[in-house]
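Right, one structure below, let's go through it.
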Amino acid sequence: FMYNYIPVIALLAFAMLIKAGRRPWGLGAALLGIAVAPSVLTTVTEVTGREMPTSAWGFSTYALVYAVGGALLFALPAGAVRWRWSLWLLLPLTVAGALWYNTRIHYVMPNAHLCVAVMSVCVLLLISRVRVPERYRPLLSRLAGAALGAYMVHVLFVEELVAPLVSPGLSGPAAGVLLTGLLVMVMALSFATSLLWGKLNLRRLLG
């Protein structure tokens, strides 16, 4: 995720700086390095005969489209989406489609899948005009600030706590209850870890 996320954000920042009349040579050089790294490593392998590691840095077309498209959806004026009720109908359909694909076709589902794209559009349009009461904004800001850290650390809890409890022999009701409980547990532990990391002023070491 981070190998895709950071180059996309860097590229958009680079474009905005250029538009503002700046000349971000360092950022441009870093983006150039990311762009040519795969071919450079391949060339070194072909010339020297020594196997070189692959470069995971970079992004696919879908990642850039998601980033720019998401920004455009957030920038829509109030009242631009007149049929919001249709989003509430479409969203659960995309969730069901993703569940079907993950369990019947292939796991993990590609991020560029149509169900993921439509689901993302529904979520962004539904939350973009939600007014948060003033008393809840400090808490929401803290959780939003901790969200990336929670995303990065949740894999550890999934591997250590979730994986040992999941098996193909679970019945449907048992799997549903287990999924709900594990989802709440992993989210709580992930956000608690991220918030504690910030509380201890360790974000200067790692995000």
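The values are calculated or read from the model by the stated rules, or taken from the named source; none is laboratory data. Because the structure is a prediction, the values reported are computed rather than measured. For neighbour counting, all protein chains shown are included, and Cβ atoms are generated from backbone atoms with ideal geometry for every residue, glycine included. Side chains included, ligands, DNA and RNA excluded: accessible areas come from the protein's heavy atoms. Shrake-Rupley method; radii C 1.70, N 1.55, O 1.52, S 1.80 Å.
3J(HN,Hα) along the stretch 148-164, derived from phi through the Karplus expression 6.51 cos²θ - 1.76 cosθ + 1.60 where θ = phi - 60°, amounts to 5, x, 5, 4, 5, 9, 5, 4, 4, 5, 4, 5, 8, 10, 7, 3, x Hz, with x in place of Gly and Pro.
The distance between label points at LEU182 and ALA56 comes to 2.2 nm (points 7 Å beyond Cα on the Cα→Cβ vector).
Taking the stretch 1-107 on its own, what percent of its Cα-Cα pair distances exceed 22 Å? Please report the intermediate quantities before stating the final value.
Values: 3309 of 5671 pairs.
Considering the stretch 1-107, 58 percent of its Cα-Cα pairs are separated by more than 22 Å.
3J(HN,Hα) along the stretch 139-146: 5, 5, 5, 5, 5, 5, x, 8 Hz, from the Karplus curve 6.51 cos²θ - 1.76 cosθ + 1.60 with θ = phi - 60°, whole Hz, x for Gly and Pro.
When the convex hull of its Cα atoms is viewed from all sides, the stretch 92-207 shows a mean projected area of 9.6 nm². When a 1.4 Å probe is rolled over the protein heavy atoms, the share of accessible surface on the chain that falls to carbon and sulfur comes to 71 percent. Kirkwood's formula applied to the C-alpha pairs of the stretch 1-61 gives a hydrodynamic radius of 12.9 angstrom. Convex hull of alpha carbon positions in the stretch 27-75: directionally averaged projected area 4.4 nm². In the chain, with Lys and Arg counted as +1 and Asp and Glu as -1 at Cβ, which of these residues, LEU17, GLY79, VAL118, has the Cα nearest the positive end of the dipole, that is, farthest along it? Value computed over the given set: GLY79. A crude spin-label estimate for the pair LEU126 and LEU114, with each label 7 Å from Cα along the Cβ direction, gives 2.1 nm.
The residues of the stretch 30-85 have, on average, 75 Å² of accessible surface per residue, using a 1.4 Å probe with all protein chains present.
So what is the 222 nm mean residue ellipticity for the chain from helices alone, if each DSSP H run of at least 4 adds -39500 (n - 2.57) and you divide by all residues, rounding to the nearest 500 deg cm²/dmol? It would help to have the intermediate numbers written out before the result.
On the way: 7 runs with 136 residues, N = 207.
Calculated from helices alone, the mean residue ellipticity at 222 nm is -22500 deg cm²/dmol.
Sequentially through the stretch 52-58, phi angles give Karplus couplings (6.51, -1.76, 1.60; θ = phi - 60°) of 9, x, 7, 9, 8, 6, x Hz, Gly and Pro residues having no value and appearing as x.
So what does log10 I(q)/I(0) come out to for the stretch 68-150 at q = 0.12, 0.15, 0.17, 0.22 Å⁻¹, using the Debye formula with one equal point on every Cα and no solvent? Reported log10 I(q)/I(0), two decimals: -0.49, -0.74, -0.90, -1.13. Remark: spin-label model distance LEU170-PHE74 equals 3.4 nm, labels positioned 7 Å along the Cα→Cβ axis. Applying 0.36 nm per residue to the separation of ASN102 and ALA15 and subtracting their alpha-carbon distance, the gain on full extension is 27.7 nm.
I'd like to know how the stretch 143-207 sits against the 2.2 N^0.38 Å rule of thumb: what's its Cα Rg over that expected value? Provide the component values of the computation, followed by the final result.
Working: Rg = 14.2 Å, N = 65, 2.2 N^0.38 = 10.7 Å.
Ratio of Rg to 2.2 N^0.38 Å for the stretch 143-207: 1.32.
A Stokes-Einstein calculation at 25 °C with viscosity 0.890 mPa s, built on the Kirkwood radius of the chain over Cα pairs, returns a diffusion coefficient of 117 µm²/s.
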